[in-house]
Amino acid sequence: MFPGEPAEDAIVADVPNGHGKDGEPRGALGVEGGGDPEHDGGKFTMKSFLWHGGSVWDAWFSCASNQVAQVLLTLPYSFSQLGMVSGVLLQVFYGLMGSWTAYLISVLYVEYRTRKEKEGVSFKNHVIQWFEVLDGLLGPYWKAAGLAFNCTFLLFGSVIQLIACASNIYYINDRLDKRTWTYIFGACCATTVFIPSFHNYRVWSFLGLGMTTYTAWYITIAAAVHGQVDGVTHSGPKKLVLYFTGATNILYTFGGHAVTVEIMHAMWKPQKFKYIYLVATLYVFTLTLPSAAAMYWAFGDALLTHSNAFSLLPRTGWRDAAVILMLIHQFITFGFACTPLYFVWEKVIGMHDARSVLLRALARLPIVVPIWFLAIVFPFFGPINSAVGALLVSFTVYVIPALAHMLTYRSASARLNAAEKPPSFLPSWSGMFVVNAFVVAWVLVVGFGLGGWASVTNFVKQIDTFGLFAKCYQCPPKVHAGPPLPAPPHN
């Protein structure tokens, strides 16, 4: 916890016999705010307004902003691999599935925190993370699995944001190659070490979602105004490798809740998180579906060799504005993905409780170096999303949460004493078990199995075609002026 940061609320009220000040019962879900600035003296300051977020709206902006970043630019590429119908259906399917597993993560967080606070544990100077929830509920082996998958996913999620920065800026300024731009933006993104926690992303989340909304609707309108290119074809899906590569990119798109626990912990009332991710996903549909569909309608199979939607749209002031806004948003999303890694590293080296902003920022810098390096080694914007989706996202945010929920509540006593009962739309433990079992089976077979085969095959093809450390991935060849013509003979 940094100086001046509001403390998170306790899930369980710290009062005798579980009753609040008004004499009403207080269970795991009946807590009044303690970290909200409105409860801390009632004073309004501009610093608290811009810097200290923790409301339901802050969490919604964080979820929506984090969920749709550079994937907005690769979804048209996925539509060209899947075809229009599959592209739309899989977005809706994986969006709802991702919302379900985000709900499971929120339930397990509340369960873990309730149990610990009943034991007298305080989290006022400690940020709870997903691997700690797994450790507290299921033991050290689950902690190890959660830590490995989550950290690796967030590492490559940060790599993808850095690659996207270089890919996008190239469409405004191609005097430098994409590798050089990666060096530059790696240094810029390293400044996220100074942002203490998810409390402090309030204004950034709001701005980030606004920037993404502009970009999505720019892409939609620009594609519609441009119209279909001459001889446009829509042949997808025509290869299984491409089909499942596109499907895993969509799985990756709606698997952005690897930071759910950290966002919840930054809330003043974490128990209100349950349906926030679903509402965020519904808003994200209004951005991803029209933009991807419009691009595929206009450019068709040309998207198969253009993984960044900007590359096919004509350069205008509107497009340049969209590129710049996406660059800023990718900086924000880089911070979202890196902040949990910063927390893990701080805990490893014993710096998590340090009160010096500068000291913690310096301690975090080693995390940025491998991200920088990997972005230079694998600059494959688009294909890397699918590989990460199949190999990491499938376990991190789909399989592990569903299995963890089934095992946590496998006994009758655990179900009886659960801090969170089944939701009203599925008021049966058996029903929840069936849904969780379906999620595990589907993602293991389709996401990890077929998706892993397809995305790795495509990824290896990119390495064979462009090589590691590619200087300028998918850059159009530059037209160089020929030698000057000889001067006409002098009369």
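The values are calculated or read from the model by the stated rules, or taken from the named source; none is laboratory data. For clarity, every value in this text was computed on a predicted model and none was experimentally measured. All Cβ positions, even for glycine, are placed from backbone atoms using ideal geometry, and neighbour counts span all protein chains on display. The accessibility values were calculated without ligands, DNA or RNA, using every heavy atom of the protein model including side chains. Shrake-Rupley method; radii C 1.70, N 1.55, O 1.52, S 1.80 Å.
Worth pointing out:
- Pairs with Cβ under 6 Å, 6+ apart, first in the stretch 119-148 and open to solvent by 30 Å² or more (accessible area, probe 1.4 Å), second at pLDDT below 90: K124/A7; N125/M1; N125/D353
- Members of the stretch 192-209 that are over 13 Å from Q330 (Cα atoms) and in a helix (DSSP H, G or I): V193, F194, F198, H199, N200, Y201, R202, V203, F206
Residue by residue, here is whether (1) open to solvent by 10 Å² or more (accessible area, probe 1.4 Å); (2) in contact with a Leu (Cβ under 9 Å, 6 or more places away or on another chain); (3) under 28 Å from A64 (Cβ atoms); (4) not in a helix (DSSP H, G or I) holds:
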| position | (1), (2), (3), (4) |
| --- | --- |
| G335 | no, no, yes, no |
| E346 | no, no, yes, no |
| D353 | yes, no, no, yes |
| A361 | no, no, yes, no |
| R364 | no, yes, yes, no |
| I367 | yes, yes, yes, no |
| L374 | yes, yes, yes, no |
| I384 | no, no, yes, no |
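- V434 vs. criteria at pLDDT 95 or above, under 20 Å from L278 (Cβ atoms), open to solvent by 40 Å² or more (accessible area, probe 1.4 Å) and among the aliphatic types (A, V, I, L, M): yes
- Selected residue (criterion: nearest to P366 (Cα to Cα)) from residues of the stretch 183-201 that are modelled with pLDDT of 85 or more and open to solvent by 10 Å² or more (accessible area, probe 1.4 Å): A190
- Counting only residues that are among the aliphatic types (A, V, I, L, M) and surrounded by 24 or more Cβ atoms within 10 Å (Cβ to Cβ), the stretch 73-89 holds 3 of them.
- Among all positions in the stretch 299-310, there is no residue which is farther than 30 Å from Q228 by Cα, open to solvent by less than 50 Å² (accessible area, probe 1.4 Å), of a type in the set (S, T, Y) and touching a helix residue (DSSP H, G or I) at 6+ places or on another chain (Cβ under 7 Å).
Yes/no matrix, rows are residues, columns are (1) open to solvent by less than 60 Å² (accessible area, probe 1.4 Å); (2) under 22 Å from N66 (Cα atoms):
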{"position": "G231", "(1), (2)": "no, no"}
{"position": "L240", "(1), (2)": "no, no"}
{"position": "L251", "(1), (2)": "yes, yes"}
{"position": "Y296", "(1), (2)": "yes, no"}
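- Tally, over the stretch 266-294, of residues that are surrounded by fewer than 24 Cβ atoms within 10 Å (Cβ to Cβ), under 18 Å from the mean Cα position of the chain (by Cα) and at pLDDT below 90: 2
- Between L407, L426, L392, the distinction of being in contact with a helix residue (DSSP H, G or I) (Cβ under 9 Å, 6 or more places away or on another chain), part of a loop (DSSP other than H, G, I, E, B), of a type outside the set (F, W, Y) and more than 16 Å from G186 (Cα to Cα) belongs to L426 only.
- Of the residues making up the stretch 169-191, those that are farther than 18 Å from L325 by Cβ and in contact (Cβ under 8 Å) with a residue 24 or more places away in the chain number 8.
- Checking every residue in the stretch 322-329 against the condition of being at pLDDT below 90, over 24 Å from the mean Cα position of the chain (by Cα) and open to solvent by 10 Å² or more (accessible area, probe 1.4 Å) gives zero matches.
- Hits in the stretch 421-462 (condition: more than 22 Å from V110 (Cα to Cα), among the β-branched types (V, I, T) and in contact (Cβ under 8 Å) with a residue 60 or more places away in the chain): V443, V446, V456, T457
- From T305, T333, residue being touching a residue at least 12 places away in the same chain (Cβ under 8 Å), within 27 Å of G236 (Cβ to Cβ) and among the β-branched types (V, I, T): T305
- Residue check for A223: under 20 Å from L312 (Cβ atoms), in a helix (DSSP H, G or I) and touching a residue at least 40 places away in the same chain (Cβ under 8 Å): yes
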